[in-house]
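Written below as structure tokens is the structure these notes are about.
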Amino acid sequence: MTVAVRSFAKINLGLYIGARRADGFHDLRTVYQTIALHDVIRVSFGRGSGIEIQCSDPRVPLDSSNTCYRVAALVMEAAGAKGKVTIEIEKKLPVQGGMGAASSNAVATMFGLERALKKPLGGRTRLRIAAQVGSDLPLFVVGGTVLGVGRGEEVYPLPDLAVTPLVVITPEIGVSTPKAFADWDARAEQHTTAGRNQPELTHSGSSDRLFEVGCALSAWLTGLPDVLPNTGASAKVGSRAGNLLSDLVRTGIENDFEKVVFPQSPELRDMKRALERAGSRYASLSGSGSTLYGLFRSSAEAAKAASRLQKQGLKAIATSTLTRQRYWKQVASGS
Ligand code: C5P
């Protein structure tokens, strides 16, 4: 029996990096958002033993270093199943693109294998296995708009933001996430030794900074006004979902990775500017890149911007965000 599962991508609406922890990971705060672009994963289970991965993209590893392999092994163990697992990855999303494709593929493998084995694992076990394999996996167990804390693996579903059209640019270059984190550390070190007072980058300052970011994110997500109601501002709590664009622009939510990735690859900063020039109200690097996205007011504006960017030689695709409900409906609908 072969089960097909759609494996959706994500973007990060703001990403803040804190101090490097004793375990080598970094504390962070981010809002993940699933989007409609996807790969397709086909999982089959039969007689024999072992895990085989098939993918025509030479950049995708086919051995046990592939996160799909690791998840499949853990699912087999949790389900107490024995047999041969075959995972076919139909790749459309970029590799090392900052859209969480490899992590999403692994979670889609988990969903597919559960169905092939006819052994549903339950949310708690799914989240535990996902977090064991990588920081970016658990968000795909939840889908929609998701708050990520800890090293990104601790996830909380947020009320879904309204469906928003966007344009994604997928440059040819890949960015290594561990290297981007190491570059962030080197930058923090440089600022400290240079004696420049950048408290947001130092270890003692970064927990204060994450707390401040937490306050800002919470206020933004709740739709709390910046000014207290009794000072004259009209408080419209909870209006955030419909006003994502104006809120993001006003709050100025940022992705810290831009500070280390753009100086090394200035062409990515140019692409962000190209998105802005094409009419995007909010543009940003996704994760550690190299994907950039821009949010638009309407699908027509996004489609127009995508074709304008394509004429400039950029790989631009118009798509939209995916709410939790649509995510679950479409994950199950396979290819
Ligand atoms: O969790 P994941 O396997 O995706 O992480 C890959 C690498 O990225 C880690 O080994 C670590 O170097 C870095 N990382 C980090 N802080 C995080 C997430 C990842 O330093 N919050």
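The values are calculated or read from the model by the stated rules, or taken from the named source; none is laboratory data. As the structure is a computational prediction, the values presented were derived from the model and not from experiment. Every residue, glycine as well, gets a Cβ built from its backbone with ideal geometry; the counts of neighbours run over all protein chains shown.
When you scan the stretch 157-165, do you find a residue that is more than 22 Å from ASN66 (Cβ to Cβ) and either within 16 Å of the ligand (Cβ to nearest atom) or of a type in the set (Val, Ile, Thr) (or both), even just one? Yes, some residue in the stretch 157-165 is more than 22 Å from ASN66 (Cβ to Cβ) and either within 16 Å of the ligand (Cβ to nearest atom) or of a type in the set (Val, Ile, Thr) (or both). Looking only at the stretch 166-183, filter to residues that are within 16 Å of the ligand (Cβ to nearest atom) and of a type in the set (Ser, Thr, Tyr); which one of those is farthest from the chain's Cα centre (by Cα)? Here the residue is SER176. Selection of first residues in the stretch 51-66 that are closer than 17 Å to VAL107 by Cα and of second residues that are loosely packed, with under 14 Cβ neighbours inside 10 Å and polar (S, T, N, Q), restricted to Cβ pairs under 8 Å at least 6 apart or on distinct chains, gives the following pairs, ordered by first then second residue: ILE51/SER64; LEU62/GLN54.
Of the residues making up the stretch 193-216, those that are away from the ligand (no atom under 16 Å from the Cβ) and at pLDDT 70 or above are ASP208, PHE211, GLU212, CYS215, ALA216. Figure legend. Inter-residue proximity from the stretch 136-162: first residues assigned to a loop (DSSP other than H, G, I, E, B) and modelled with pLDDT under 95, second residues basic (Lys, Arg) and more than 10 Å from the ligand (Cβ to nearest atom), beta-carbon distance below 8 Å, spacing 6+ or different chains. Indicated pairs: ASP160/ARG324; LEU161/ARG240.
Can you spot a residue in the stretch 281-296 that is farther than 30 Å from ARG151 by Cα and not in a strand (DSSP E or B)? There is no residue in the stretch 281-296 that is farther than 30 Å from ARG151 by Cα and not in a strand (DSSP E or B). Within the stretch 313-335, restricting attention to residues that are closer than 19 Å to ALA302 by Cβ and hydroxyl-bearing (Ser, Thr, Tyr), the residue that is surrounded by the most Cβ atoms within 10 Å (Cβ to Cβ) is THR321.
Starting from residues that are over 22 Å from GLY152 (Cβ atoms) and surrounded by 21 or more Cβ atoms within 10 Å (Cβ to Cβ), keep the ones in the stretch 28-50 and report whichever is farthest from the ligand (Cβ to nearest atom). My answer is PHE45. Under the condition of being within 16 Å of the ligand (Cβ to nearest atom), more than 26 Å from SER280 (Cα to Cα) and hydrophobic (A, V, I, L, M, F, W, C), the residues counted in the stretch 141-156 number 3.
Give me the residue from the stretch 124-137 that is in contact with a helix residue (DSSP H, G or I) (Cβ under 7 Å, 6 or more places away or on another chain) and small (Gly, Ala, Ser) and, out of that set, surrounded by the most Cβ atoms within 10 Å (Cβ to Cβ). Only one residue fits best here, namely ALA130.
With respect to (1) within 13 Å of the ligand (Cβ to nearest atom); (2) free of Cβ contacts under 8 Å to residues at least 40 places away in the same chain; (3) of a type in the set (Val, Ile, Thr), the lone exception for VAL133 is condition (2).
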